[in-house]
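In what follows, a single structure is set out as structure tokens and then discussed.
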Amino acid sequence: MDKPNQPPVESPYLRSLLAGGLAGTTVDTLLFPLDTLKTRLQSSAGFRSAGGFTGIYNGIGSAIVGSAPGAALFFVTYESVKTRMGKDAGAGSHMLAASLGEIAACAVRVPTEVVKQRAQAGQFDSSLTALRSILRQRSTRGVVHVWRELYRGWGITVMREVPFTVIQFPLWEGMKKWSLQRRGSGALGKARDVSGLESALYGSISGAVAAGLTTPLDVLKTRLMLAKERESAIAITTRIWREEGGKAFFSGLGPRTMWISIGGAVFLGSYQWASNMLGGM
């Protein structure tokens, strides 16, 4: 009797780590120009002053460094929580798993975003220059200040990412489950039974919906990270509303929705493809 084929990577946690790292690097490098345009549209300095259409790859260094570990942390946490909750757990478990995954990923994502967005907005020539500027403040303002600068916007980033994933991932998982039911599969709950192409389609739809609904939080996060001095989210929100009006909270809506819709396809499609391949499908 033939033995069943062993998957290339037997540990589901290692599969999540590798597939997540690949997915994060792929999407962040491929769609970096759109992310830059979105950041500049949201900058208080204005699109042209922030760089316009020039230097759209400024800051890509930090994105490359932070993408893989951030995405890997997210998916290891996400899949671990899902596994503990059991196969038959519903949307609530996906919301919890995604929320905890985002909090874990923000440990890497926030410093990366701070450095990246300052380069994207034309405040510095590159990610390395932006990082050095923050680190140099250690001699005059201390280690604690440097730490707080690197994690500036932590709270609002978590406030943006958690609602985003609470919307996106239950939608993504729900569409995958619907796909398996539609073709009569009895293997419900096994995400790897869905092809990378299907996952990409569902990732695109769910990402676009989540992106549109959470754009105001993204605008606020960008303004917090680009501010020359630390300010509270309430103070910045009040100033935006008073000086620019409610429409400013939807600055960059088009690029953000397009970027995340395409990004959702690339990110969740490549994750699914890699996960399936490493799982021996």
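The values are calculated or read from the model by the stated rules, or taken from the named source; none is laboratory data. Keep in mind it's a predicted model, so treat the numbers as computed, not measured. Cβ coordinates were reconstructed from backbone atoms using ideal geometry, including for glycine residues, and neighbour counts include every protein chain displayed.
Filter the helices (runs of 4 or more DSSP H) completely within the stretch 51-143 down to those with at least 2 residues that are touching a residue at least 60 places away in the same chain (Cβ under 8 Å) and hydroxyl-bearing (Ser, Thr, Tyr).
Details: elements: 60-85, 91-120, 127-136, 138-141.
Of the helices (runs of 4 or more DSSP H) lying wholly inside the stretch 51-143, those with at least 2 residues that are touching a residue at least 60 places away in the same chain (Cβ under 8 Å) and hydroxyl-bearing (Ser, Thr, Tyr) span 60-85.
Return the only residue of Trp259, Trp273 being touching a helix residue (DSSP H, G or I) at 6+ places or on another chain (Cβ under 8 Å), modelled with pLDDT of 90 or more and part of a helix (DSSP H, G or I).
Trp273
Kindly list, by first and then second residue, each pair from a residue in the stretch 221-250 that is over 17 Å from Glu113 (Cβ atoms) to a residue that is crowded, with 18+ Cβ neighbours inside 10 Å and of a type in the set (Phe, Trp, Tyr), limited to pairs with Cβ atoms under 9 Å and residues at least 6 apart or on different chains.
Thr237/Phe249; Ile240/Phe249; Trp241/Phe249
So the check is Cβ under 8 Å with 6+ separation or different chains; which pairs have a first residue in the stretch 165-176 that's free of Cβ contacts under 8 Å to residues at least 60 places away in the same chain and aliphatic (A, V, I, L, M) and a second one that's outside any helix (DSSP H, G or I) and crowded, with 20+ Cβ neighbours inside 10 Å?
Close Cβ pairs satisfying both conditions: Ile167/Thr214.
Out of (1) within 30 Å of Leu278 (Cβ to Cβ); (2) part of a helix (DSSP H, G or I), what's the single condition that is false for Lys38?
(1)
Taking Trp172, is it surrounded by fewer than 19 Cβ atoms within 10 Å (Cβ to Cβ) and aromatic (Phe, Trp, Tyr)?
Details: surrounded by fewer than 19 Cβ atoms within 10 Å (Cβ to Cβ): no; aromatic (Phe, Trp, Tyr): yes.
So Trp172 does not fit the description; no.
Determine which single condition Ile262 fails, assuming it passes every other condition in (1) farther than 16 Å from Tyr202 by Cα; (2) surrounded by fewer than 20 Cβ atoms within 10 Å (Cβ to Cβ).
Of (1) farther than 16 Å from Tyr202 by Cα; (2) surrounded by fewer than 20 Cβ atoms within 10 Å (Cβ to Cβ), only one is false for Ile262: (1).
Any idea which residue in the stretch 271-281 is farthest from Lys38 (Cα to Cα), counting only those that are crowded, with 23+ Cβ neighbours inside 10 Å and touching a Gly at 6+ places or on another chain (Cβ under 7 Å)? Steps first, answer last, please.
Initially, the stretch 271-281 is screened for residues crowded, with 23+ Cβ neighbours inside 10 Å, giving 271-272, 275.
After this cut, where a residue has to be touching a Gly at 6+ places or on another chain (Cβ under 7 Å) as well, the list is 271-272.
Values: Tyr271: 24, Gln272: 27 Å.
Among those residues, the one meeting the criterion is Gln272.
Tell me whether the stretch 87-105 contains one or more residues that are on the phi > 0 side of the Ramachandran plot and at pLDDT 85 or above.
The initial filter retains those residues of the stretch 87-105 that are on the phi > 0 side of the Ramachandran plot, namely none.
No, the conditions are met nowhere in the stretch 87-105.
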